[in-house]
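Please read the structure below before turning to the comments.
Just so it is clear, none of the values below were taken in a lab; they were calculated from the coordinates. Bear in mind that the values here come from a model prediction, so they are computed numbers and not experimental data. Ideal geometry is used to build each Cβ from the backbone, glycine not excepted, and the neighbour counts take in all protein chains shown.
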Amino acid sequence: MEPTDITIEILKSIRDEIRSTNERVDHLRTDMNGLRADMNHRFGEVNVRIDRLHDARIETDLRLSTEVLAVGTTLIAVRDELRLHRTSRSRLDDHEHRIEALESKKTG
């Protein structure tokens, strides 16, 4: 059985369509690879930003902790000064009363 001209033409047409389809598939693959590379790049940038935010948060937490400690230390110092003042105040009042008593004895 010998191929006819129409059979050969049909086979050539099928071959050409397959080549065209393969070219479109290759083009889609190239586009997909480009999109994948772009997405990977963008995800990398997002990860860098997240890492920066994480580092900034840690730094902020450390600064806040340091300041809270400083406030606590200052409050302790103020408390101690108030206690000292209260103790000194009662001693001062006692001395004032004694002086008044001595002055009253002297004049009286």
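Quick look at the numbers
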read-out: Subset of region 1-23 (residues that are among the acidic types (Asp, Glu) and over 60 Å from the mean Cα position of the chain (by Cα)); value: GLU2, ASP5, GLU9
read-out: Members of region 1-18 that are surrounded by fewer than 10 Cβ atoms within 10 Å (Cβ to Cβ) and in a helix (DSSP H, G or I); value: ASP5, ILE6
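Results for (1) of a type in the set (Ser, Thr, Tyr); (2) more than 44 Å from the chain's Cα centre (by Cα), shown as yes or no for each residue.
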| position | (1), (2) |
| --- | --- |
| MET32 | no, no |
| ASP51 | no, no |
| LEU64 | no, no |
| ILE76 | no, no |
| ARG83 | no, no |
| SER88 | yes, yes |
| LYS106 | no, yes |
